[in-house]
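Written below as structure tokens is the structure these notes are about.
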Amino acid sequence: MNAEEILALQHRRFATKRYDKTKKIVKKDWQVILEAARLTPSSLGLEPWKILLLENETHKKALFPMAWGAQASLEGASHFVIILAKKNVTYDSDYVKHISETVKGHPYDKNSKYAQKLKDYLENDADLNTPRALFDWASKQTYLLLENMMMTAAALDIDSCPIEGFNYAQVEKYLATQGLIDLDEYGVSVMASFGYRDQEITPKKRRPLSEIYQVIK
């Protein structure tokens with residue numbers, strides 16, 4: 001992919017507000033988007049996320065009034081996801097032990113040099129010393145995953161929309177009462193939809209590079 005194609009892809013990616021209900025993403029393409037999500041980089045390689053693909057129409061209808069920014073997507077998008085952020089990712093958590101041993105293949109000891117370095121980063125460098133701070137840090141990581149999914153979709157000529165327009169407390173309560181989320185383990189970070197737009201892409205309006213870029217010599 002050359003420079004022109006890369007920039008064309010950036011312009012192709014568009015926050016779609018209206019989808020063609022008749023068009024569905026084929027399984028092969030959706031699996032590519034999911035694999036791109038799986039390969040997303042994360043701070044310390046801890047992957048503090050989970051993706052819920054919402055296909056159930058009853059759940060979609062229930063979420064409709066509490067997710068004003070998702071209504072067009074709930075009604076028209078081919079695929080609608082809720083991205084969760086992992087809670088309480090501390091250096092000595094079972095989750096970190098799982099990532100170390102099961103995913104990376106390294107034995108875990110909370111007193112090891114690795115674990116103590118992780119502890120120092122989380123508690124001192126990043127000052128993540130409350131459940132809220134830890135959740136917000138994990139939530140930041142989910143946006144890397146979201147961007148990877150959206151740009152992969154654009155490369156496949158699939159449209160998408162990132163969604164923050166919803167009542168977080170109401171959505172979490174609904175998902176918890178339906179047994180779809182354990183609020184001790186995860187919280188809702190962001191939503192997103194994927195499909196094929198039923199509208200034209202409008203030219204992007206952004207600040208000039210001179211406002212966002214500074215060289216320090």
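The values are calculated or read from the model by the stated rules, or taken from the named source; none is laboratory data. Predicted model, so just to flag it, every value in this text is computed and none were measured. The protein model used for the area step is the full one, side chains on, heavy atoms only, and it has no ligands, DNA or RNA in it. Shrake-Rupley method; radii C 1.70, N 1.55, O 1.52, S 1.80 Å.
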Surface share of carbon and sulfur [accessible, 1.4 angstrom probe, percent] for segment 80-217: 49
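In Å², what does the accessible area per residue of the chain work out to with a 1.4 Å probe? Let's see the in-between values first.
Details: 12890 Å² over 217 residues.
Ligands and nucleic acids excluded, the result is 59 Å² per residue.
Decide, for segment 8-88, between rounded, prolate and oblate: order the square roots of the alpha carbon gyration tensor eigenvalues as a ≥ b ≥ c, take rounded if a/c falls under 1.5, and otherwise choose prolate if a/b is larger than b/c, else oblate. Walk me through the intermediate numbers first.
Working: a/c = 1.80, a/b = 1.26, b/c = 1.43.
Because a/c hits 1.5 or more and a/b fails to exceed b/c, segment 8-88 counts as oblate.
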Starting from 0.36 nm per residue, how many nanometres of slack lie between D20 and T102 once their C-alpha separation is accounted for? 25.4 nm
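List every DSSP H helix in the chain whose Cα atoms extend 24 Å or more along the helix's own long axis and whose mean Kyte-Doolittle hydropathy is at least 0.0.
On the way: long enough: 131-155 (37 Å, 0.17).
Span-like helices here: 131-155.
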Need one value: the accessible area of E185 in square angstrom, 1.4 angstrom probe, rounded to the nearest 10. 80
For E200 the rounded accessible area (nearest 10 Å², probe 1.4 Å, non-protein molecules ignored) is 150
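Contact order normalised by length for the chain, with contacts defined as Cα pairs under 8 Å and 6 or more residues apart; what percent is it?
Values: 305 pairs, mean separation 74.9, N = 217.
So the answer I get is 34 percent.
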For the chain, what class follows from the C-alpha gyration tensor (a ≥ b ≥ c being the square roots of its eigenvalues): rounded when a/c is under 1.5, otherwise prolate if a/b is larger than b/c, else oblate? oblate
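For the chain, what is the mean residue ellipticity at 222 nm derived from helices alone (per DSSP H run of n ≥ 4: -39500 (n - 2.57); sum divided by total residues; nearest 500 deg cm²/dmol)? It would help to have the intermediate numbers written out before the result.
Values: 9 runs with 87 residues, N = 217.
Computed ellipticity for the chain at 222 nm equals -11500 deg cm²/dmol.
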Given the pairs K28/K104; K28/K119; K87/K117; K24/K87; K24/K50, which are separated by over 29 angstrom at their Cα positions? K28/K119; K24/K87
What figure, in Å² to the nearest 10, do you get for the accessible area of I6 with a 1.4 Å probe and non-protein molecules left out? 80
What residues qualify as long-range amide H neighbours of S189, i.e. H under 5 Å apart, gap of 5 or more or another chain, H built at 1.01 Å from N? I83, L84, A85
By the Cα gyration tensor axes a ≥ b ≥ c (a/c under 1.5 gives rounded; else a/b larger than b/c gives prolate, otherwise oblate), the shape of segment 55-176 is prolate
